[in-house]
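Notes follow the structure.
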Amino acid sequence: MAAYLVCLTADGGVPLFTRTKGNIKPLAFAEVGMLNGVQMFAQNHGVKLQSTATDEARIAWKVYHESITLIVVICDDGASDTHLYRLLDNVFHSMVLLVGLDDIISIKNVERLKRDLKACYKLVDTLLEETEFFGDLTESVDIFLSTENSLLQEHLESFVHAADSTYGCLCVMDRIAVATTKWWDLTGQELVLLSLLLRSLPQASSRDIAVYLPHSSPKIPHRLLTFQLIHGVEACVLCGPTPTLDDVRDKLLEVHWKPALESLRSCIRVFPRNIPLSVELDLGILGFILINTDNHRCLATMHPNSTDEKQLPHKILSMSRKIGILKTFYKTVVGIYFAPVHSPDKEELTCDLQALLSHKAKDTYICGDDYKCYALNDDRYQIFVLYGSHVPTFALRTTTQKTLMTLIKDKKFDEKKKS
Amino acid sequence: MTHQLQGHRYYNDYSSSDSETDYPPRPRIIVGQGDADRRWETESGDGLEPAWAGAVQDKGDVFYVEQGEEPPSPKKVAVDNEFNSEHTLNGKGKEKRGLHKLKKIIKGRKGDNGKLHVSLSEPDLKTSQYNLVYGTPDKNTDNGDLREVSLFLSPDINHTVAQSRLEALFGIIPGRFSIKSRYSPLSSPARKNDFKNGDKIMVRGLLPTGVAMKSGQISIGDCVVAINGIPLNYDNFNRVLSAIVGPLEVKLHIEKQVLPKDRFILQPRRILPNGSLVKLVSGEKLKEITISLQKTPHVVMYLSIAGNTLETTNENKEVLYQYPENEASRKLSDVQGMFLTVSDMMETITGTRVICSSIVINKQLLNVGYYKNGTEVLVLAVPANKVSVSQLNHIVSDVVRLLILLYGSLDNTFLPSIYQAKLDHLFSLLFQRLLLGDNVHTPLLDSNTYAFLDTLPGVRWLDLPDDVKVTIDSSLSELEATDFADMSDDHYDDRRPYVILGTCLFHRGYLLANHLPKEDFIDMLLYCRYHSLLTLASEARIGQLVIWKEVYPTRRRKRKSGTENEGYTEPHGRDFLLIVGMKNGLLCMLLEAGGCAAKAVGNPSPDPFYVDQAKATLLHLESISIPASCEDRLSNIPVPAISCADWFFSSKSNTIESSTPPPIPGSPMLSRLHTPQQKGSSKKQQLFPPDSGGKPKKRSGSPSRNVARSSAYEVDSDEGSDASAYSPVNSQQSTPVLRRRNDDNRRESVGSAGSGGSSSGSSLFKSTKKHRIIPDPFNMAILRKGLNEAEANELYTATKLTSGADNTLFHYVNLEIGQGVVVCPTHKDVTLLGGTVHPQLIKNFHKCCLGIRQVFHQSRKPRLKSKKTQQTNRFDRNYCFKVVKEHGILMQCTPENWNEQKKSPPTMNYWVVGRIYGKPFPREVYVCFHESAPQNTIELAFKLSFGAGL
């Protein structure tokens, strides 16, 4: 997937940075100018140019706070414009997350800002990449379910409390296993970007990063402390000026996490299934995304079955194909038939089909050559299931309903909802 | 010969030959060079031109639409009966006569019909063209209604030779109104004295092109009393009016004629309400559309990139064409530089062609479609809430195809501004269709509900009984053969001017028969669709329609590039499109000059002979009551039977335990599935006797087209017997068929259902009767007599497609891509079902189908071959779906106006499912059914293909 991302100052059109992804030549300076110029020209005439589609690519423009212009050029994947704008929002808020809103709104020194923005290249690149994570797509953070979760919750709470904070979470393989209630109170976009940030950073035993929360505190930075407990498991705390990283690492880490080491080890064994082995799923299911639109959680797995897939009667889809199909399915359905999960500051006018329909879409499915997809839109849940082509079409609905019930039955997915 | 069928003169005693050349708006023929003699030879003898001859434009094109009559309303029938013979003469009669008989009549009447005399004193009722309206004095006339009419005159110096100045200036044919011979029309004696000097001027007739006629405020029988305050009478008017030389506005004082109650006056036919539609389609009301769309931003532009930069956008040189040029498009034409840059930039940056943009103007989202043609670009911008992106993409490609069809290439279309008026016309129709769909001004035009159908490469097809189809096909084949005695090559020792490549016939916008190859047919369809001809034919009765245009079919361009059909070379001919319409019928022909026909010279205008032959074919079809059988079919029950969504709402307390398939509680429909179905086909034959009216007249059509479709329905499944009885139902039923039984019938059917095994039926029925929320409209509304129960029952079961307790099928669309044919329930079927939720459901269905179809085509879009030279700058589509075969959406709806606050409204779920088939016959099926429909019947529904296949 090839993509360009261009960031410029809105008034002067000075390029702040350009990211290029895929096997394409970088944009020439004139092309950047043209991309920006056409949008500015339209703006001067009272016309807002939002997006353009070509045979194989799409372009979206967006100006933030009359200060920053973001332009993305990306391969057409059949998605509605909603997803394009969401990508731009994510990029902008990544910049806010690391640089702070003040510096972005009122640009005093362009060169300095350019330097500062270098910090978020990694994060922006992650957004443009195709990953096995669905958080940036669904605006719901990827989570990790394990039977140890309730135990780990206790450890986390005491650890966070000791660190003099209320915000904390435990990440297993870059997915949130448990988190404090305050952490869950963050917006979906913040949750997603924080875990994206962790993923984009190089491995380290501990980190201390200044972050601005795009919605909760875009102007005052907080410190995000991370500690690697075992390989693949990190504990994160969001705190003020105190305590120092050394204090926490030296005084609190061992005290609170040493007893939980066994739980952590057994927890990580659930990967890559991401759901406890006790939860049994239909053999026809090749993968699914389950989204709780209320509390911005998203549970996804491409390895639903413990048994070796080669023994199953259907054609094997590669991992990237599975993810690709599910992502495309999500983009085809959400914003067109299902209402998307919006971030708070959405401002584009879109005219999606879903707004024009007088009845609510509940389910939808797609049958391809070697796969079948079924999506279900409940009040709080959206589930997108990928099936093998051997599963009969008429069974899709009941199986999907059953799967949804199984997953939300034991409240694993749901437990912190009440608080 | 048949030119007399038009009947469009609004004035009575216009004598045809003497002063014809004096009137500029009078039909005038621009004769092509050289072959004028031959062209008009069929007309020789009477010396009259066809009505459309006046519409011949400089390229020989004709776009002539004449408004027809409404079928007589019950009030008028008594009067109209007197004039039946006259009506037949005008081509509007209801009698089904043979063509020859008709022709004979026309011939016979021609002599005395040349001049129509109508005078007030001796109203000659027999020859009058006018409907009689009893002169009922309205309130105003009692007071001696004296009105002022303001008219704007622009006298043309050249035409002062006219008989009278009144005629030349106003288009009023004056008549002497002798006061002494009449009762006094004036109630005020004082006023009467003012005009003692001469006889008054009575309006004896109105020229259709005159300002008086256009104002609509002057009618025959009125008296012209004064102009700008100067009294006028029969003796002085020529003198007074000769003072008018320049264009100016004058006030005419008109006295409304007062007649006693027992007398009639002759009034010209009123402009019928649907006349506006004719005017819209023919482009007469262009201005009004533009005005009513003033607030809606929309534009179509053809821009040239040459030398363009953002700075020079204020010069209009780059805009080769723009419509409309008003407030609505100002903002958009201001940013034409943006469109140009976007279309250019996209190609350099992404290496692919630009398709569409979305922009916001004044907080309104607009979709912009592009078509890049070399250095030029066609831009079409419309509000997004009216036209979705995928619809717009279809429209842009369709428009481009149509323009190339009409003018050879896009450059040809826009570079010379000679086509400006025609393009304005075309695009005004397009915008009107897209943006004014539900507007009051054009209530008759298709609303956007059916936008989906308009994006399909096919047209709705009316499924007729086989014998009717044979008749139609043979009539068309006969026309195509051009085997007319006096037309044959040896008759005149002359090559025939055109070869008919193919024809297709529409009735009310439904395709009846098509003898054109697919590409040509789609071309023809696009022409009709984008000129709103199909809508026109379905909503209004056309008096006469003649369209002639040289076209550049897509087929030819494709042949040029491709190397298919080796050994065969297309003759280097020129193609012409001829569309002739009468009433609700449209006959489209594609003619070829060159090849084995004579070479076309210059820009030939339509050959009246071909026009007449086409008209004769239409008349012939009418004489064998083809339109009548189409109407029968349209008013007949929908086959396969479809349900109304409103019937499926029920309160949950009604739920009844039952076996599979689960019956829908509260549904008014009852299962007849388990009753014995094995009625012999012989009985069905009796039930549906073969149509006696539509015997194939001469040769039979090509047999391949008339394969009995019933065989396709002998599906080997449990429901096969249901389906196999499908096709005969369409035959001409003189008795309209009961759609659903009334209560008695139902009780009866419950009994039989019980015996057949569905034991839950009885209790189901009882409970539903009590608790039904929305009454079944068929209980009262569509109750028809004259059909015994057994027949009704059998018919019902025969047409039900789905199995289970109820008919769960709501709607369907079946597109045969190879045939260019769409099969779906007719508008009438949908309106017949009524309901409040159902129309919404249909709307949603069409919108969903648009989305489903987009997914299908996105997944099948062929990958563009990457150019080796610029592989670095490429974006490849990243569409993981690969091939999508089926796509379905489950929608949930609740009844409107739910009053009970305590209970949550009942919900009803329905599926919209689309499926695409590739080989061997590509087709797409979209079905809408209730969620309870069992899977096997859904499969069946897809396989049945709803009777398509010509």
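The values are calculated or read from the model by the stated rules, or taken from the named source; none is laboratory data. Quick caveat, the model's predicted, so the values are computed rather than measured. A quick note on method: Cβ atoms are made from the backbone with ideal geometry, for glycine too, and the neighbour counts reach across all protein chains shown. Please note that ligands, DNA and RNA were not included when accessible areas were found on the heavy atoms of the full protein model with its side chains. Shrake-Rupley method; radii C 1.70, N 1.55, O 1.52, S 1.80 Å.
Here are the numbers for the structure shown:
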item	result
Gaussian network model of chain A, springs between alpha carbon atoms under 10 Å - residue of A:GLY335, A:GLY100, A:GLY324 with greatest fluctuation	A:GLY324
Residues in the range B:841-855 that, when all protein chains are in place, have 30 Å² or more less accessible area than the chain alone would give (probe 1.4 Å)	B:ASN844, B:LYS847
Label-to-label distance, nm, for residues given as A:LYS402 and A:LEU201 (7 Å Cα→Cβ offset)	4.4
Cβ-Cβ FRET estimate between B:LYS919 and B:ARG353, R0 fixed at 30 Å, reported to 0.05	0.60
Fluctuation leader among A:PHE17, A:PHE134, A:PHE41 - chain A, Gaussian network, Cα springs under 10 angstrom	A:PHE41
Debye equation applied to the C-alpha atoms of the range A:146-268, log10 I(q)/I(0) at 0.09, 0.23 Å⁻¹	-0.21, -1.57
Complex-versus-alone comparison for the range A:318-342, residues with a loss of 40 Å² or more in accessible area, probe 1.4 Å	A:ARG321, A:THR328, A:TYR337
FRET efficiency, A:MET1 to B:ASP483 (Cβ-Cβ, R0 56 Å, nearest 0.05)	0.35
Residues of the range A:1-153: accessible area per residue with a 1.4 Å probe, Å²	32
Where only C-alpha atoms are counted, convex hull volume of chain A per residue in Å³	148
GNM top mover of A:HIS390, A:HIS215, A:HIS83 - chain A, alpha-carbon springs below 10 Å	A:HIS390
Estimated FRET transfer efficiency when R0 is 60 angstrom, pair A:ASP294-B:GLN294 (beta carbons, to 0.05)	0.85
A:ARG269, B:ARG508, ranked by accessible area, largest first (probe 1.4 Å)	A:ARG269, B:ARG508
Magnitude of the charge dipole, chain A, Cβ model with Lys/Arg +1 and Asp/Glu -1, debye to 20	320
Karplus-derived 3J(HN,Hα), 6.51/-1.76/1.60, for each residue of the range A:145-157, Hz, glycine and proline x	9, 8, 5, 7, 4, 5, 5, 5, 4, 4, 4, 5, 4
Cα-projected label distance for B:GLU896 with B:LYS558, points at 7 Å along beta-carbon direction, nm	4.3
With 5 Å bins from 0: P(r) over the range A:3-129, alpha-carbon pairs, percent	2, 10, 23, 25, 22, 13, 4, 1, 0
Label point at A:GLU262 placed 7 Å out along Cα→Cβ; residues across the range A:221-241 whose backbone nitrogen lies under 20 Å	A:229-231, A:233
Probe 1.4 Å, all protein chains present, accessible-area order of B:LYS919, B:LYS615, largest first	B:LYS919, B:LYS615
Shielded by partner chains, the range B:324-345 residues - at least 10 Å² of accessible area, 1.4 Å probe, vs chain alone	B:LYS331, B:ASP334, B:VAL335, B:MET338, B:THR341, B:VAL342, B:MET345
Computed lengthening from A:HIS303 to A:GLU66, 0.36 nm per intervening residue step minus Cα-Cα distance	80.8 nm
A:GLU130 accessible area, assembled protein chains, probe 1.4 Å, Å²	110
Inter-site label distance for A:HIS45 and A:GLU254 at 7 Å from Cα along Cβ, in nm	7.1
Too-long pairs where the Cα-Cα distance tops 18 Å, listed order kept, from A:LYS108/A:LYS219; A:LYS48/A:LYS331; A:LYS360/B:LYS847	A:LYS48/A:LYS331
Heavy-atom accessible area ranking, 1.4 Å probe, most first, across B:LYS372, B:LYS200	B:LYS372, B:LYS200
Surface accessible to a 1.4 Å probe, B:VAL883 within the full protein complex, Å²	40
Percentage relative contact order, chain A, counting C-alpha pairs under 8 Å, at least six apart	13
Listed pairs A:LYS62/A:LYS409; A:LYS372/B:LYS861; B:LYS295/B:LYS422 exceeding 31 Å between Cα atoms	A:LYS62/A:LYS409
A:LEU84 accessible area, 1.4 Å probe, all protein chains in place, Å² to nearest 10	10
5 angstrom amide H check on B:ILE173, placed H, neighbours 5+ away	B:ARG204, B:GLY205, B:LEU206, B:LEU207
